[in-house]
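Beneath this line is the structure, given in structure tokens, with notes to follow.
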Amino acid sequence: MAGCPRGCVPAMRFCQKLNRLKTLDDDMMTTSLKRCLSTLDLTMLGVGAMVGSGLYVLTGTLAKDMVGPAVVISFIFAGIASLLAAFCYAEFGARIPKTGSAYMFTYVSVGEIWAFLIGWNVILENLIGGAAVARAWSGYLDSIFNHAIQNFTETHVMRWEVPFLAHYPDVLAAGILIVASLFISFGVQVSSYLNHIFSTISMAVIAFILVFGFILAEPANWSQKEGGFAPFGMSGILAGSATCFYAFVGFDVIASSSEEAKNPQKAIPIATAISLALAATAYILVSTVLTLIVPWHTLDPNSALADAFFRRGYSWAGIIVAIGSICGMNTVLLSNLFSLPRIVYAMAEDGLFFSVFAKVNPVTKVPVNAILIFGVFMAILALVFDLEALVQFLSIGTLLAYTFVAASVIVLRFQPDKISSKETSSTSPNLLAEASAASSESQTITEDSDMKRYESFSDKLQLVERQKTTERRGVGQLKAFWEPYLGKLFGDCEPGDIVAYCVLTLILSSTFFCATLEFGTKTLKLPVWCMVTILLIFGLSYVISMSLIWFHEPQSKSKTFQVPLVPFTPGVSILLNVFLMMKLSPLTWIRFTVWIIVGLLVYFGYGIWHSKEGLRELQATDMAAHYVVLPSGSLVETVQPIQPEGQADAAAHHISPTNTAAATYTGLR
């Protein structure tokens, strides 16, 4: 900021305020919530979130309208894509066992405003997702009773014809959400217990479907006579994969529960891997059975599994499947109601959202206000909106969160470890003695007129730059092999800065590459040569960015789970997530834009003024820091209280040693 014109200093300070990072406590296991969830509890939460309405509804819709029997391949592709995102969530959940999931991960690595917008979108996705599942649950139960509930409501309550709204108020869907919210407010153990019950029943029904379904299977249903295995070709398989991807989005509930896990360092990665493997296996095998029991083109998209058994003459089996589907929908409903209040609580705890949601019940150890208030909001959505209108608004927030979490993994992996304020205050006696000795040395040198004083950290960096050695490079610096080739270009940058810029380039390159691929010929009608040129430019930019990240030293030692093959695994995840976002409808993007604008109003109207990181910065501005070099080569920071201008001149003539604190910075090269 020293070399910046006076007029741009406020703008730079404002940008720094927007991009400030969350400071984590030394003991991240400390929490006001209750750590009581085991690995089994987390695994069941993940399975319940993923294996629900999608298994009983989505498989039939995809098989009939988009893919055919090749929906099996679509689920395999989607499972691999989900695994890349799940790796990123597992690393963060184990490394930072705090509630908030994608919001928290973005806050500690990318910046405050980005974290708020991610959390803001995940809130809406959970609201709409829970309302949509409740609406589907109500419709499925109503179909069992031959739509008696709908007919009674339309006849004796009300019916309206309004665009984007349901034809009648779904009191049943709203009621189940209110009841579920009340149960969840009793504590995390009650939520886990209910999830265990419904998930166990659902998995038992799935096992029944597989065993009985393979007995009834007829391979002729995959023959050319019935249309073949892949009647819609490779394009249908890829389009189906984009939709199948949304069947696995529930695994982030495991990361959201990390602050209530007994041993998150081990439990989060294990639960994520097991739950995703079980969910993928269930989707692949059930879709195989479904398309082998009856021809794929005769499936009923609304209740494909139950209808398939009914048509084969086993009505009792159809009833069992219907029971399993309702239990599966209950687990997804509990998952949404479980994770949503915890994201709201995390944002409120950091001061970015209204403080009323940060209150934790002293008995149940859960954020009751967030659970009940947002449970009511979810019930209102389910009461008045149609299922189709709700589903149209889904997915973009989840994909955006996946993208930022993958980017955060790369940024944090190549960032040097930062010492928190609590670490500094609780330094060991040896370090305190060393700091005391350095302080005495600095006081002695104060009397020496030749002492050089540095007013900013950038001046200090210029000092230590000439002290380069041939030792192994530090985290975030160029690897020793690439130093002779790229050192002149990037040698003056702080560790991790080049990686952060490359991650930004990675996201932008992926966006333009996928947008060109999706809209180049259809919407924009670009000539072939122009489209190929654009794809080559942004494809090359993506590869160069990935390579530059790989040329830097990552963090190699960690006691917790780490994503393999960084930056390639999260880099590919970013590309896949952006590609899937381009597949969403224009109406979804309009909703996203409107919701982002509302979120910015909330952030700039409330969050930026109540941010705890902002309050911490205000406290830090009461001290002024200078850097001095001692004869021993140590770098010393002297911290002095800032005084009003009237007292500054008097202080210049007399400086008391007691008003100066010194801390020695060692290991800087």
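Once all protein chains are placed together, Ser53 keeps about 30 Å² accessible to a 1.4 angstrom probe.
Per residue, how much accessible area does region 32-163 show when a 1.4 Å probe rolls over the protein heavy atoms, in square angstrom?
Values: 3880 Å² over 132 residues.
Computed with neighbouring chains in place, this is 29 Å² per residue.
Within the full protein context, the accessible area of Tyr501 is estimated at about 150 Å² for a probe radius of 1.4 Å.
Using only alpha carbons, build the gyration tensor for region 468-598 and give me the equivalent ellipsoid semi-axes, biggest first, whole Å.
On the way: eigenvalues 235, 73, 33 Å².
Equivalent ellipsoid of region 468-598: 34, 19, 13 Å, largest first.
Couplings 3J(HN,Hα) for region 44-55, derived from phi with the Karplus relation 6.51 cos²θ - 1.76 cosθ + 1.60 (θ = phi - 60°), are 5, 4, x, 5, x, 6, 9, 9, x, 4, x, 5 Hz, where x marks Gly and Pro. Proximity of backbone amide H atoms, modeled 1.01 Å from N, is registered between Leu37 and Ala261, Lys262 at under 5 Å, excluding neighbours fewer than 5 places apart on the same chain. Computed extension length for Phe214-Leu600: 133.7 nm, one decimal, from 0.36 nm per residue of separation with the Cα-Cα distance subtracted. Atom-type composition of the exposed protein surface of region 15-150 places 66 percent of the accessible area on carbon and sulfur (1.4 angstrom probe). If R0 equals 30 Å, the separation of the Cβ atoms of Leu517 and Ser558 corresponds to a calculated FRET efficiency of about 0.25. To the nearest 10, the accessible area of Phe519 is 70 Å² with a 1.4 Å probe.
Between Asp26 and Ile80, what FRET efficiency follows from the Cβ-Cβ distance if R0 is 22 Å, with the result rounded to 0.05? Before the final figure, lay out the partial values.
Details: r = 38 Å, r/R0 = 1.71.
The value I calculate is 0.05.
For region 211-365, give the percent of accessible area contributed by carbon and sulfur heavy atoms, probe 1.4 Å, rounded to a whole number.
Numbers: 3670 of 5530 Å².
That share works out to 66 percent.
With the simple spin-label model, which puts each label point 7 Å out from Cα in the Cβ direction, the Glu494 to Ala207 separation comes to 5.6 nm. Residue by residue, region 147-161 carries 3J(HN,Hα) couplings of 6, 5, 5, 4, 4, 5, 5, 5, 7, 10, 10, 6, 8, 9, 10 Hz when phi is fed to the Karplus relation 6.51 cos²θ - 1.76 cosθ + 1.60 (θ = phi - 60°); x denotes Gly or Pro.
Taking amide H as placed 1.01 Å from N in the peptide plane, Phe385 has its amide H under 5 Å from the amide H of Ala166, each at least 5 places away in sequence or on another chain.
Once neighbouring chains are kept in place and the probe is 1.4 Å, which whole percent of the accessible area of region 570-624 is contributed by carbon and sulfur? Mind dumping the intermediate values first?
Details: 2260 of 2920 Å².
Answer for region 570-624 is 77 percent, counting heavy atoms of protein chains only.
Per-residue 3J(HN,Hα) values for region 225-238, derived from phi via the Karplus relation 6.51 cos²θ - 1.76 cosθ + 1.60 with θ = phi - 60°, read 4, 9, x, x, 6, 10, x, 9, x, 5, 4, x, 5, 5 Hz in sequence order (x marks Gly and Pro).
Probe radius 1.4 Å, ligands and nucleic acids left out: which of Thr155, Thr288 has the largest accessible area, and how do the rest follow? List each step's numbers first, then the result.
Working: Thr155 105, Thr288 20 Å².
Heavy-atom accessible area, descending, gives Thr155, Thr288.
Pairs with C-alpha atoms separated by more than 19 Å, drawn from the list Lys22/Lys479; Lys22/Lys559; Lys266/Lys612; Lys266/Lys365; Lys34/Lys559; Lys98/Lys262, are Lys22/Lys479; Lys22/Lys559; Lys266/Lys612; Lys266/Lys365; Lys34/Lys559. Note on region 182-301: Rg/Rh from Cα positions, Kirkwood definition for Rh, rounded to two decimals, is 1.08. Expressed as a whole percent, the proportion of Cα-Cα pairs in region 1-96 lying more than 19 Å apart is 69%. For the pair His297 and Ala148, the difference between a 0.36 nm per residue extended length and the Cα-Cα distance amounts to 50.8 nm. Backbone amide hydrogens, once placed in the peptide plane, bring His552 within less than 5 Å of Lys479, excluding anything fewer than 5 places away on its chain.
Please give the FRET efficiency for Leu182 paired with Leu508, using the beta carbon to beta carbon distance and R0 = 56 Å, rounded to the nearest 0.05.
On the way: r = 46 Å, r/R0 = 0.81.
E between Leu182 and Leu508, to the nearest 0.05, is 0.75.
At full extension, Val9 and Ser585 could sit 203.2 nm farther apart than now, given 0.36 nm per residue minus the alpha carbon distance.
Quick one: compute a quarter of the convex hull surface over the Cα atoms of region 534-585 and quote it in nm². It would help to have the intermediate numbers written out before the result.
On the way: hull surface 19.7 nm².
That works out to 4.9 nm², a quarter of the Cα hull's surface.
The values are calculated or read from the model by the stated rules, or taken from the named source; none is laboratory data. Note that the structure is a prediction, hence the values are computed from the model and not measured. No Cβ is skipped: glycine too gets one built from the backbone with ideal geometry, and neighbour counts run over all protein chains shown. Each accessible area value is taken on the protein alone, full model and side chains, heavy atoms only, with ligands, DNA and RNA left out. Shrake-Rupley method; radii C 1.70, N 1.55, O 1.52, S 1.80 Å.
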